[in-house]
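Please read the structure below before turning to the comments.
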Amino acid sequence: MIKVNGVTHADYDPAQKLSVWLREGLLLTGTKIGCAIGVCGSCTVLVDGVARRSCKVLLKDVEGADILTIEGLAQPDGTLHPIQQAFLDTGAIQCGFCTPGMVMSAYALLAKTPRPTRAEIRQALKGNLCRCTGYQQIVDAVLLAAERMRP
Amino acid sequence: MNDKPAFRNDGVAKVTGRARYTDDLSLPGMLHAVPVYSELPRAKLVSIDAAEALHLPGVVAVITAQDIPGSIKFGQIIKDYPTLADEDVNSTGDVLALIVAQTRDQAIAAIPLVDINLEPRQPILNPEEAILPGAEILHPFHGSNLANYHRVRRGSVETGEAESDLIIEQEFTTSRIEHAYLEPESALAVPRPDGVMEVFGSMQHPFSTRRFVASTLGVELKDVEVKTVPMGGGFGGKDDTAALVCARAALCAWHLRRPVKITYSREWSLRESYKRHPYKINYRMGLTRDGLIRSVRVRMVADGGAYCSVTPWVTWRSTVQCCGCYEVPHVQADVYGVYTNNIFCGAMRGFGSPQVNFAIEQLVEMAAERLNLDEIEFRRRNMVRQDSTTVTGQVLDTHVVSLQQVMDVVLAEIDYSTKRRNCSMGDPNQSEWYGIGFAISYRGMSLGAEGTDFNSAILSVQPDGSVLLETGVHENGQGSESAMLLLATEQLGLPPERLRYRLPSTSNIPDGGTTVASRGTIMGGGAVVNAARILKDIIIEMVKKNSDHAVVSFANEELLDANGSRIMTWNDAIRLCYSHQIYPYAFSVFQAPQVTWDERTGQGNAYFTWVYGCQAVELKVDPKTGAVTLLNMVAAHDVGKAVNPALVKGQFYGGMAMGAGYGLMEECVCSEGKVVPANLHQYRIPRSTDLPEMTAIIVENPDPNSPSQAKGIGEPTNELMAPAIANAIFRATGKRYCEQPLRIKL
Ligand code: FES
Ligand code: FES
């Protein structure tokens, strides 16, 4: 059994890659594939709260786990998560192909480190490649989200 | 951070994962195709035996050149590229067959079972060898291994050298680099019941794609409809290869009468897609004692690889800008684009300028050094100014020449003069070497004499007053749709939510040319502004006839008279239009002003307007390992007018980052013609920790040549950071490095 965005699934091939299953089996195509060998971070999802590259994970390795993908981040009524909103407001999105993975890595960071420095943000996003933005506005976005998420 | 929140019409879709890129689409009955490559860079194709592959479960067909109903070869300038190789193999990126199967994995499993029989031939891998007299001709129909030759002849370099007190000579080399868009190529072709082949794909030029597809299928342009979906990055790299992938998907769909998708792995993308041209550049510069450049002699050789693509256009820009942004009275430039059996090269953000700037922006500093002048003063004495004449004889008098302005802004922001004194110059007593450097450029806007330059826009107001906008500009990820929408809202006095960008299709609007050369905003924006003017004239005329009021402006969803008083609301005006059978619909084009070019002398008004930029960098070098750490990067560019400031800054940052990668880390090595890096672990692009904090300074001198007053910015940002880094490394280490990427030898 694997839980994805709150929905439990029991019918799958344990030898399949998580990235492929999400995209082709569950049609959750927000998780992107940029390299398929674990170096670009486009396929990042949260497995029990930890950012993982889903192209390097087999379903048998996540039996019983709780998985969160980009599609599970906004409220059911469509209200964006503060990280998503901050990406929009700071201009952190260009082609958008890296965006889901970036947002998920940022989510994992802020869960652990609610007040990160710019250097800590860069460190946390090191595994997520972006060819469009030079990361500047992505770092801005994560910082802005951290501010907005403070109680 | 940005003052004004960014506007993006596609932002919510992208940040929620709902945006559908090509590979995210699937259709009932869809099949998957994969390519089979040549292992040799040059060969005769003797035979392909697919019998065994066809026996594998799920495999439906193996398609080869024999199955192409239309032309096997196509190309934007020279028709030399086979959609599938038929007799001659020219590159290890050549696709010999396509395997079509129920699933992608099944198709991939069949690749090793296709039996390919190739007869090896001697490849030519060095462009200098390819242009020696007597070299074997790689494309006999073309008659030469020169894809093109361009020149500039201005004044007399003999005279210029005679007038000079100092002559310096230097060779520079640049490497082949990969665009590394995060989304690999993907295409989905759907044979429609009405006989039209519909194509979705990750491509930056839908109209070029349509030409490739129609040529391959042997059908008319009306029989192919290319629709665009979000694209995961292009940077100039999703033209030819992306169009070929679309043509191949269409070919399979044509034969099997089912939807066919081809999605590239990163490995195939790196192997087959075209790169930025590696250049060898030899300069000889004549200078007077007081620091004036009198002459430049330059020879450039660009390795175009196996196919022409847009090599003649790329090298043409290098030719026009062969002396950088400096006034030089005597110039002799010879620029060659050469065929070899390496992976082919084509458009990449910068388009022939990053190579030249890498060289010239170091050369001017080497000259200043020899003359005991500081590098700022030397540039000031030679740079183009208002009413200067360029090396191709163009007088810069139609717009504000802001080169000194952008340079001064950057140097002040980074505090260059103070920090310059702290540079290490390889001091053996320091444990860390510090350096600061900068570079400046000018850049001709849009295509220039490279191609027909126009774009079109349609504004169609619906009966409820909402507006559909469509342009011939393609969204590459840079936010061009958002910029077009903002321009339209500004013109019509409507809030963005009253407008929608219509899904562009090649069957609905005239070919607007490719979204390359940073021409999206200037050309598409020009068309939007022109269409808005026509639309407003329709409405003004109608209001005048029916109410005798003269509308002079449109603001806040209202039509206003000369006193700024409301005549009627926008919605009422539109209702009135429809009730009088006047349709608030406007189509317009923006045609770039005429440019001129004489191939023989390399003289002419090459571009209708120019942009100016400066970038600077601080860095440190570890004297023990040679490792470079970037500390700070600053850029200023004159963008004419910033339509969407946050997104304009995004272009600055992205361009600086890519330029830093070019300077320090990127090189797509070819061995025996084959691209060596297989995936992104071997082709490294900058990560968040490789880059410093950056500052983007927007300079705005509205351009009268552009109806929207805006100029392009995608490319200028990507042509300066590598030479700025080279100059900073010189001031850190005391040594010049003339090969890109810069590798410090201790
Ligand atoms: S696709 Fe998983 S890391 Fe690149
Ligand atoms: S926005 Fe294009 S790769 Fe990050």
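The values are calculated or read from the model by the stated rules, or taken from the named source; none is laboratory data. Predicted model only: the values in this text are computed from it and were never measured. All Cβ positions, glycine included, derive from the backbone under ideal geometry; neighbour counts span all protein chains shown. These accessible areas exclude ligands, DNA and RNA; they are computed on the full protein's heavy atoms, side chains included. Shrake-Rupley method; radii C 1.70, N 1.55, O 1.52, S 1.80 Å.
Interface residues of the range A:29-58, defined as those with an accessible-area decrease of at least 30 Å² between the chain by itself and the complete set of protein chains (probe 1.4 Å), are A:THR29, A:LYS32, A:GLY34, A:CYS35, A:ILE37, A:VAL39. Taking 40 Å² as the minimum loss, tell me which residues in the range A:113-151 lose that much accessible area going from the chain by itself to the full protein complex (1.4 Å probe). Buried on complex formation: A:ARG122, A:LYS126, A:LEU129, A:ARG131, A:CYS132, A:GLY134, A:TYR135, A:GLN136, A:GLN137, A:ASP140. Here the 3J(HN,Hα) profile of the range B:364-380, calculated from phi with Karplus coefficients 6.51, -1.76 and 1.60 at θ = phi - 60°, is 5, 6, 5, 5, 4, 4, 5, 8, 6, 10, 7, 5, 6, 4, 4, 5, 4 Hz, Gly and Pro shown as x.
Are there any residues in the range A:82-110 with a reduction of at least 50 Å² in accessible surface when going from the isolated chain to the assembly of protein chains? Probe 1.4 Å, please list them by number. Output list: A:LEU88, A:ILE93, A:GLN94, A:CYS95, A:PHE97. Cross-link partners for B:LYS44 among the aspartates and glutamates, with Cα-Cα distance under 14 Å and sequence neighbours closer than 8 places in the same chain left out: B:ASP86, B:GLU87, B:ASP88, B:ASP94, B:GLU119. Computing FRET efficiency as 1/(1 + (r/R0)^6) for B:LYS544 and B:GLN591, where r is the C-beta to C-beta distance and R0 is 30 Å, gives about 0.55. Over the protein assembly as shown, accessible surface divided per residue gives 34 Å², non-protein components excluded, 1.4 Å probe. Using a cutoff of 8 angstrom between alpha carbon atoms and counting only pairs six or more residues apart, the relative contact order for the range B:454-591 works out to 34 percent. Could you please state how large a percent of the accessible area of the range A:7-111 is carbon and sulfur, counting protein chains only and using a 1.4 Å probe? The C+S portion of the solvent-accessible surface of the range A:7-111 is 52 percent.
Taking the accessible area of chain B, probe 1.4 Å, and keeping the other protein chains in place, the carbon and sulfur fraction comes to 49%. Spacing of the modelled spin labels on B:ASN571 and B:SER431, each 7 Å from Cα toward Cβ, amounts to 7.2 nm.
Of B:LYS238/B:LYS261; A:LYS17/A:LYS56; A:LYS126/B:LYS275; B:LYS624/B:LYS735, which sit over 19 Å apart, Cα to Cα? Present the calculation step by step, with values, prior to reporting the outcome.
Working: B:LYS238/B:LYS261 17 Å; A:LYS17/A:LYS56 7 Å; A:LYS126/B:LYS275 25 Å; B:LYS624/B:LYS735 15 Å.
With Cα atoms farther than 19 Å apart: A:LYS126/B:LYS275.
Full extension of the chain segment joining B:ASP194 with B:ALA678 gains 170.1 nm, where the gain is 0.36 nm per residue of separation less the Cα-Cα distance.
For B:SER186, the amide hydrogen comes within under 5 Å of the amide hydrogens of B:SER202, B:TYR264, counting only partners 5 or more places away or on other chains and with H modelled in the peptide plane.
Remind me, relative contact order of the range A:2-72 in percent, using alpha carbon pairs under 8 angstrom and six or more residues apart?
Working: 121 pairs, mean separation 29.5, N = 71.
Reported as a whole number, the value is 42 percent.
Centre-to-centre separation between the Cα atoms of the range B:8-54 and those of the range B:591-610: 40 Å. Distance between the pseudo-spin-label points of B:GLU413 and A:GLU120 (7 Å out from Cα toward the beta carbon): 2.9 nm. Listed by chain and number, the aspartates and glutamates placed with their C-alpha closer than 18 angstrom to that of B:LYS222 are B:ASP194, B:GLU198, B:ASP511; residues fewer than eight positions away on the same chain are left out. Model label sites at A:GLU63 and B:LEU25, defined 7 Å from Cα along the beta-carbon direction, differ in position by 4.0 nm. Close amide H partners of B:GLU558, meaning residues 5 or more places away or on another chain with modelled amide H under 5 Å apart, are B:TRP570.
Candidate cross-link partners of B:LYS641 among the lysines, defined by an alpha-carbon separation under 20 Å and a same-chain spacing of 8 or more, comprise B:LYS4, B:LYS649, B:LYS711. Residue-wise HN-Hα couplings along the range B:334-340, as the Karplus relation 6.51 cos²θ - 1.76 cosθ + 1.60 with θ = phi - 60° gives them from phi, are 10, 10, 10, x, 10, 7, 9 Hz; Gly and Pro carry x.
Taking Cα pairs under 8 Å and at least six residues apart, what relative contact order does chain B come out at, in percent?
Numbers: 1907 pairs, mean separation 115.9, N = 746.
Relative contact order comes out at 16 percent.
Note that the protein assembly as shown, at 10 °C in a medium of 1.306 mPa s, gets a Stokes-Einstein diffusion coefficient of 56 µm²/s from its Kirkwood radius over C-alpha pairs.
From largest to smallest, the equivalent ellipsoid semi-axes obtained for chain B from the alpha-carbon gyration tensor read 40, 38, 23 Å.
What's the total accessible area buried between chains B and A, using a 1.4 Å probe, rounded to the nearest 100 Å²?
Working: alone 26940 and 7770 Å², together 30720 Å².
Summing both sides, the interface buries roughly 4000 Å².
Determine the shape class of the range A:64-151: with a ≥ b ≥ c the square roots of the Cα gyration tensor eigenvalues, call it rounded for a/c under 1.5, and otherwise prolate if a/b is greater than b/c, oblate otherwise. Mind showing how you got there, number by number?
Working: a/c = 1.27, a/b = 1.18, b/c = 1.08.
Judged from the Cα gyration tensor, the range A:64-151 comes out rounded (a/c under 1.5).
Per-residue surface analysis assigns B:ARG284 an accessible area of about 70 Å², computed on protein heavy atoms at 1.4 Å probe radius.
Sequentially through the range B:693-701, phi angles give Karplus couplings (6.51, -1.76, 1.60; θ = phi - 60°) of 5, 10, 10, 10, 10, 8, 10, 10, 10 Hz, Gly and Pro residues having no value and appearing as x.
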